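To start, the structure under review is shown below, and the notes come after it.
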Amino acid sequence: MRVFVTRTSNLIKHNINNFALIHHTHNFNSTREMSQSTAIPKKQLRVRDHGYDNYMEIEKKTRKVLKFQNLVLSEPNQSLPISRLETLARRFGFPRHEAGAFVLKFPHVFEIFEHPVQRILFCRLTRKAILQIEQERHALASQVPRAVTRLRKLLMMSNEHRLRLEHVRIARAAFGLPDDFELSVVLRYPEFFRLIDAKETRNKYIELVERDPRLAKCAIEEVRERVYRERGGDAEDVRFSFVIDFPPGFKIRKYFRIAMWKWQRLPYWSPYEDVSGYDLRSLEAQKRMEKRAVATIHELLSLTVEKKITLERIAHFRMAMNLPKKLKEFLLQHQGIFYVSTRGNQGKLHTVFLREAYRKGELIEPNDLYLARRKLAELVLLSPRKANVDRELVGYRRSRLDDEMGQVTRAYVEDACGDFKGEDDVGGYKNAEDDLTSDIGSEVDSGDEDDDFDNSISLQKTS
């Protein structure tokens, strides 16, 4: 359910000791003394959403494939022997003789071939994988202006309008920044950024030159404006509300419902607002700061390319953005806004999703960079049987082309030699034709040998 509020403002009227119970009919028919707290519980059990967990299972395979891709692309000829691949894969924790088996599972990404001179097995990327890499590079280069805006907004949310260069570098892929963003983004736009240099890279800072009030607008505020335009005056209760979408199976009890109703109407300071001069000692100020932390993480996820980022990346910005210490417990208090997935790295990696940005495991508003990255996931998920079919089609087209070239050769021989040879040479021409067809047949047989090699690969996969 996607709602901004759990009940309208005229449904709850309470006094000091009594409050009205909310029923599905929106009527008040009984009152009693408040026996439980109507605040959001500090500790909640995580309710799994299999749509996001399945997404992360695919992401786990894609992450490993990317590591092998980088190994192949780092070679001068963009290919390397399988024996060397086995040695280099130990850096990723792959045991001996398992790297080759892993590569064979993804024939649409990696191609195994025999070196024509050394006569050993080599590994290289397929044509589809190379096209996917080019598509991602083009998408990354085309959205650099938007990445500049993301970095400016990210710096505006920090306390002193500056962040460590190392922290931004670690999260560069999530925000759509290129690998050389220090040169192509920070130093290229001196009117926006200032690099505070130091001898060590970890002590370098990116500082915002000037704050732009036009960028101080959160993504949730744009959503609220759309609701205002659609509902008019009836949308007054969404002024400080967030989009709530609880996972399937999440139990919403009556006290939790009342707590959410109160929390949705709680005012808070914008993540782009400077709160250094405010008195934050009161209980009301602390509640507003907690909701401001929710808004900050919401805006942080909205600035990412895929509307998701690991919890460890968010922790890097904790001090600079006034985020709570126990981030996981804090996010679990708001499972209707965020989803924390532990899939992808044996539970060691936590990925935070913005729930309102996804539907059925797909991004609602995809961008070019997201689509390019999902293309690799599609290649990973394609069946190896389809790869065998593709190779058979390529072999069929090649044999058909050789047949057409043979026909052209025969026609050329007839036209060129017809005036010089008589009927006695017909037998010799037939022998030449038999030799030509035998050559074509040998190429077809070699294609069958490739099919046998592919079948052996599939048998190794199944075993």
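Please treat every number below as a calculation from the coordinates, not as lab data. As the structure is a prediction and not an experimental result, all values here were calculated from the model. Glycine gets a Cβ as well: all are built from the backbone with ideal geometry, and neighbour counts include every protein chain shown.
Computed over segment 61-125, the P(r) curve from all C-alpha pair distances, binned at 5 Å from the origin, holds 4, 18, 34, 28, 13, 3, 1 percent per bin. Here is the list for segment 272-312: trypsin sites (Lys or Arg not before Pro) lying in DSSP coil, each with at most 10 other C-beta atoms within 10 angstrom of its C-beta, are ARG281. For segment 303-371, what does the alpha-carbon gyration tensor say about shape, rounded, prolate or oblate, given a ≥ b ≥ c as the root eigenvalues, a/c under 1.5 as rounded, and a/b over b/c as prolate? It is prolate, given that a/c is not under 1.5 and a/b is the larger ratio.
Near LEU371: Cβ cut-off under 13 Å, other residues only, Lys/Arg at +1 and Asp/Glu at -1. The net charge is -3. Note on segment 255-317 and segment 137-196: Cα centroid distance 23 Å, given to the nearest whole angstrom. Restricting the trypsin sites (Lys or Arg not before Pro) of segment 64-165 to loop positions (DSSP other than H, G, I, E, B) with no more than 14 neighbouring Cβ atoms within 10 Å leaves ARG96, ARG119. As a rough footprinting exposure proxy, the listed residues TYR358, TYR255 were ranked by other beta carbons within 10 Å of their own, and the order from fewest upward is TYR255, TYR358.
Going from the fewest other Cβ atoms within 10 Å to the most, the residues TYR370, TYR189 appear in the order TYR189, TYR370. For segment 271-327, applying the loop criterion from DSSP together with a ceiling of 16 other beta carbons within 10 Å to the GluC sites (Glu not before Pro) yields GLU273. Ranked for footprinting exposure by Cβ neighbours inside 10 Å, fewest first, THR296, THR342 give THR342, THR296. Relative contact order of segment 150-248: 25 percent, from C-alpha pairs under 8 Å at least 6 residues apart in sequence.
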